[in-house]
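Heads up: the structure comes next, in structure tokens.
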Amino acid sequence: MTLSESTIYDVTHLLDGTVLLLSFALLYQRRLFGVLSAFALQSLVLALAAAWQAFANDAPHLYITAGIALFFKTIIIPLALHRIVVNLGIHREVETALGIGATLIVGASLAALAIVLVLPVTAASVALTRENLALSLSVVLLGLLMMITRRNAVTQVVGFMSLENGLLLAAVGVRGMPFVVEISAAFAVMVAFIIFGVFFFQIRERFDTLDVSYVERFRGERH
Amino acid sequence: MLTAVFTAALALLLLGAGGAVLRQNTLVYGGSAAACAVAFLAALLWLLGGGEPERLVLPVGLPWLPVQLRLDALSAFFLLLVDGLGLLASIYALGYGRHEEEPQRVLPFYPAFLAGMNFALLADDAFSFLVAWEFMSLASWLLVLASHRQPETRRAAYIYLVMAAFGTAALILAFGVLAGPEGGYAFEQMRQRPDAFWPATLIAFLALVGAGSKAGLAPLHVWLPLAHPAAPSHVSALMSGAMTKVALYAIIRILFDLLDSVVWWWGLVFLLVGGGSALLGVLFATVQRDLKTLLASSTIENLGVVIAAVGLAIAFKANGLPLLGAVALVAGLFHALNHAVFKGLLFLGAGAVLVATGTRDLERLGGLIHRMPYTALAFLVGCAAIAAIPPLNGFASEWLLFQSVIEGAVLPQWSLQFAVPVVGALLALSAALALAAFVRAFGIAFLGRPRAAETAAAREVEATMRVPMGLLAALAVLIGLVPGLALRVIGPVIEALFGTAAISAAAGRFLWLAPPGRLDVAYSGFGLFAAGAVLLVLTVAVVKRASRTAPRRSAPWDCGFPDPHPATQYSAAGFAQPIRRVFADSVFRAVERVDMPAPGEQRPARLELRFDDRAWTLIYAPITRAVGTVTERLNVLQFLTIRRNLSLMFGALVLLLAIIAVLR
């Protein structure tokens with residue numbers, strides 16, 4: 001079956017845009033479970049985007065990428081984080097360093113920056129690639145923003161994972177990106193998840209909380 | 001020939017590695033001497049044979065830039081200096097090394113240091129040059145640290161390391177600009193690339209700063225009087241005599257070979273820097289109390305003299321007077337050669353004094369001429385040569401330089417017309433002060449009576465140490481008498497740098513020196529020596545014949561004080577006092593304070609004297625303070641929370657992205 005160019009463009013654009021939309025959704029969650037659900041949803045859409053690319057461009061290796069995203073990022077990691085949150089009993093704590101409204105405004109301007117930046121720089125490329133790059137850069141920047149505006153370690157981890165989602169989105173959208181890169185990106189997330197997991201328990205064991213400001217206080221840097 | 005030098009340098013490198021394992025004095029120094037001899041002979045034969053430059057491309061290095069070596073007249077001349085002095089210093093070290101307290105701190109690095117200098121002179125691309133240069137710097141730094149248990153040595157080594165890093169950074173930038181946007185890092189590509197005015201100016205001054213800091217030019221000289229004396233004496237001889245010449249080589253290589261043209265006002269800057277360094281260096285030499293520090297300060301003077309000659313050469317060349325430029329550069333290279341000879345000799349002599357007495361403090365020396373007659377004679381020749389007493393070699397090169405200064409009147413720019421005589425006067429003043437400094441050095445250390453018990457018990461050093469000193473002294477006399485010998489090896493360099501038309505400028509007949517076409521002002525060391533010798537013989541004969549009675553020995557008049565204490569002699573501080581007083585405010589910031597006991601107190605009165613280098617207070621102290629303040633402010637950043645650290649990175653990222661977005 002062959003698809004028309006415009007169908008490919010529209011569907012890809014829809015999926016990529018949804019990933020970005022879910023990045024914003026991540027930013028305004030006030031509860032940890034909400035954060036985890038939004039993240040799982042984002043990963044799911046990412047897996048769909050990868051699968052769509054695989055189907056549309058006839059690039060079967062992207063199915064593997066989609067599978068990894070679906071299996072690890074949509075199911076395993078959110079479930080594991082969910083367990084951690086339940087075990088530690090911290091489901092209420094989304095402590096923000098910057099208010100939700102302000103964060104959203106900053107996030108919107110970051111997305112604008114990404115678009116303003118990417119569209120002229122990549123003027124020579126195909127329209128689809130350009131849009132895709134602009135959207136993924138926005139997702140990356142929003143992930144970073146989430147990491148620095150949330151105090152809770154779990155939300156920081158989710159921010160990091162969402163940043164990885166942005167990278168993966170860029171990787172699947174750009175034609176000819178070597179398979180190795182995607183695999184390694186996936187494994188980087190795995191490793192990071194394991195490390196963060198270990199850290200949680202360490203922090204929790206010592207301080208009875210996952211609020212990293214306790215760690216900071218322990219280092220003697222905050223009064 | 002290139003292969004021979006390369007093999008010798010490689011052998012030195014292996015000896016360094018071997019020295020770390022074997023710790024055999026004789027093996028390391030004997031091997032170094034042999035390798036230096038091979039390299040020396042190869043360079044000498046190449047210069048005398050006068051062939052085409054030889055090239056060698058090694059299959060190592062960066063993927064796009066294999067290591068390239070080249071032997072041409074300029075590198076061969078400097079190889080002659082480095083390996084000639086290296087040979088004699090290695091022989092000397094066979095004896096000197098036995099007195100070393102911790103030989104394992106010297107043995108591995110000494111051959112490595114020599115190898116670094118050899119490779120720096122052979123390198124024909126910026127990358128291998130800089131690697132060799134850093135190798136040389138770090139090896140000499142480790143040698144300075146040989147006596148690391150003394151806190152002042154550690155301080156000296158630290159300052160040396162900082163200055164060496166700074167100099168290398170400047171050289172890296174100079175080569176970066178030379179390579180241009182295409183990144184032609186091989187010297188051959190740099191020669192072919194024309195340089196625009198401002199990049200070329202930048203290159204010239206980066207080279208002056210980068211290599212000049214290694215050569216000890218003011219105001220980058222502060223490390224030199226600290227670091228050179230701290231190393232073992234044979235290494236001090238090499239650092240002062242040879243390593244500063246490698247720096248000079250870098251300056252000449254960049255300015256006269258890699259750059260295609262020079263601008264006249266660079267010459268003005270070089271002249272002023274050279275004249276200033278000469279005066280500053282010699283002033284510090286006149287007041288130093290430590291024999292080796294005195295010699296190191298005098299190195300600053302001599303390199304200043306050479307840089308002034310280079311400045312003149314630039315000014316002449318830029319004004320289309322290649323003949324006069326060639327004379328000035330001949331004078332500079334000749335003086336560099338002479339400095340390697342007599343400064344090497346003097347440092348070896350100071351090492352002999354150190355071995356025999358255990359001290360370098362002039363106030364504890366004295367009367368060594370009776371105890372170490374051989375060393376004293378060699379040291380005297382070195383002092384006379386560095387003080388430019390005819391017919392020794394120091395006079396010949398300074399005479400040639402002053403001839404070029406006089407010719408400076410033909411330069412068209414008014415600023416140069418003013419500056420050249422002023423710098424000439426500075427150089428003349430430095431020469432006179434150098435005489436004072438070395439009369440003081442020799443007189444206090446070797447004449448009079450011993451000022452300390454260990455000095456009174458001094459014995460002459462062993463033959464392995466005496467022979468190199470004797471050879472260097474003989475060389476100082478020989479070059480002075482027959483300057484044609486030196487001009488024979490400098491000639492090819494000038495020919496290569498200024499073209500064949502200018503070769504007659506090398507001015508050498510065999511026995512006399514003269515600027516081209518000016519035989520009326522010729523100088524002949526040999527003639528002077530012969531005339532002096534004839535007059536001396538005649539005078540002695542006449543006096544012998546005229547006097548009736550036979551000579552009779554008796555005790556000298558003792559001014560009515562039988563057997564005075566040695567402390568009543570002229571002291572080193574006392575000898576330097578007039579000069580120190582004259583320049584007290586302007587140069588030394590000297591503070592003299594008399595601590596007079598109250599009537600009835602039984603302690604002696606004391607004269608306290610403190611002086612330091614104005615460069616510290618004016619340049620280095622503010623820089624140190626600024627760096628300290630900035631670091632303290634930035635230190636806060638090291639203790640940020642994870643989230644704030646991330647925010648900083650995030651901010652930087654967004655800022656950079658925003659800059660791109662705006663600029664596109």
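Where a number appears in this text, it was derived from the coordinates with a stated rule and is not lab data. Only a predicted model underlies this, so the values are computations on that prediction, with no experimental measurement involved. Positions of Cβ are generated from backbone atoms using ideal geometry, with glycine treated the same way; all protein chains shown enter the neighbour counts.
The calculated pair-distance distribution of the range B:1-132 uses every alpha carbon pair, bins of 5 angstrom beginning at 0, and gives 2, 12, 21, 22, 17, 13, 8, 4, 1, 0 percent. Measuring nothing but alpha carbons in the range B:528-662 and taking Rh as the Kirkwood radius, the Rg to Rh ratio lands at 1.41.
Give me B:LEU354, B:LEU279 sorted ascending by neighbouring Cβ count inside 10 Å, so fewest comes first.
Values: B:LEU354 20, B:LEU279 23.
By the 10 Å Cβ count, ascending, the order reads B:LEU354, B:LEU279.
Find, among the GluC sites (Glu not before Pro) in the range B:77-139, those assigned to loop by DSSP (not H, G, I, E, B) with at most 15 other beta-carbon atoms within 10 angstrom.
Listed in order of number, the matching sites are B:GLU101.
Computed from Cα atoms, the angle from the helix B:264-287 axis to the main principal axis of chain B rounds to 40 degrees. Our analysis of the protein assembly as shown gives Rg over Rh at 1.13, with the two radii drawn from alpha carbon positions and Rh computed by the Kirkwood formula.
Find how many whole Å separate the alpha carbon centroid of the range A:1-62 from the alpha carbon centroid of the range B:42-80. For the range B:42-80 versus the range A:1-62, the Cα centre distance is 64 Å.
When the Cα gyration tensor is reduced to axis lengths a ≥ b ≥ c, the ratio a/c is 1.5 or higher for the range B:584-641, and with a/b not above b/c it is classed as oblate.
Here is the size of the range B:614-663 from its Cα atoms: Rg then Dmax, 17.2, 50 Å. Couplings 3J(HN,Hα) of the range A:157-170, computed from phi: 4, 4, x, 4, 5, 5, 4, 4, 4, x, 4, 5, 4, 4 Hz, in residue order, whole Hz [Karplus 6.51 cos²θ - 1.76 cosθ + 1.60, θ = phi - 60°; x for Gly and Pro]. The sum of -39500 (n - 2.57) across all DSSP H runs of n ≥ 4, divided by the residue count of the protein assembly as shown, sets its helix-only mean residue ellipticity at 222 nm to -23500 deg cm²/dmol.
P(r) tail for the range B:356-463: Cα pairs beyond 24 Å make up 43% of the total. Of the trypsin sites (Lys or Arg not before Pro) found in the range B:21-92, those in coil by DSSP whose Cβ has at most 14 other Cβ atoms within 10 Å are B:ARG23. Of all aspartates and glutamates in the structure, those lying under 17 Å Cα to Cα from B:LYS343, and not within fewer than 8 positions of it along the same chain, are B:ASP83, B:ASP290, B:GLU301, B:GLU398. Residues whose amide H comes within less than 5 Å of that of B:ASP125, counting only those at least five positions distant or on another chain, are B:GLN68, B:PHE187 (H built at 1.01 Å from N in the peptide plane).
Residue exposure proxy: A:ILE105, B:ILE490, ordered by other Cβ atoms within 10 angstrom of their Cβ from fewest to most, comes out as A:ILE105, B:ILE490. Which distance in Å, rounded to a whole number, links the C-alpha centroids of the range B:146-211 and the range B:523-580? Using only Cα atoms to place each centre, the spacing works out to 50 Å.
Alpha-carbon geometry of chain B: the Rg and the Dmax are 26.3, 105 Å, given in that order.
Expressed as an acute angle from 0 to 90° and rounded to the nearest 10, what is the orientation of the C-alpha long axis of helix B:109-122 relative to the principal long axis of chain B? Once rounded, the angle reads 60 degrees. Can you give the Rg to Rh ratio for the range B:173-231, taking only C-alpha atoms and Rh from Kirkwood? That ratio equals 1.15.
Taking all Cα-Cα distances within the range B:399-443, those exceeding 11 Å account for 67%.
Compute the long axis of helix B:151-179 from its Cα atoms, compare it with the longest principal axis of the Cα atoms of chain B, and write down the angle in degrees, 0 to 90, nearest 10. Its long axis makes an angle of about 50 degrees. Here is the P(r) of the range B:450-504: all C-alpha pair distances, binned every 10 Å from 0, give 19, 24, 23, 16, 11, 7, 0 in whole percents.
For the range B:571-610, report the translational diffusion coefficient in µm²/s to the nearest whole number, using Stokes-Einstein at 25 °C, 0.890 mPa s, and a Kirkwood Rh over Cα pairs.
212
If you model the range B:262-535 as an ellipsoid using its alpha carbon gyration tensor, with each semi-axis the square root of five times an eigenvalue, the axes come out at 36, 20, 14 Å, biggest first. Database remark: amide H of B:ARG451 closer than 5 angstrom to the amide H of B:LEU365, B:GLY366 (H placed geometrically; neighbours at sequence offset of 5 or more, or on other chains; Pro and chain starts carry no H).
Backbone phi angles across the range B:550-558, fed through the Karplus curve with coefficients 6.51, -1.76 and 1.60 (θ = phi - 60°), yield HN-Hα couplings of 6, x, 9, 8, 8, 5, x, 5, 10 Hz in residue order; Gly and Pro are listed as x.
Remark: B:THR244, B:THR624 ranked as B:THR624, B:THR244, counting other beta-carbon atoms within 10 Å and listing the fewest first.
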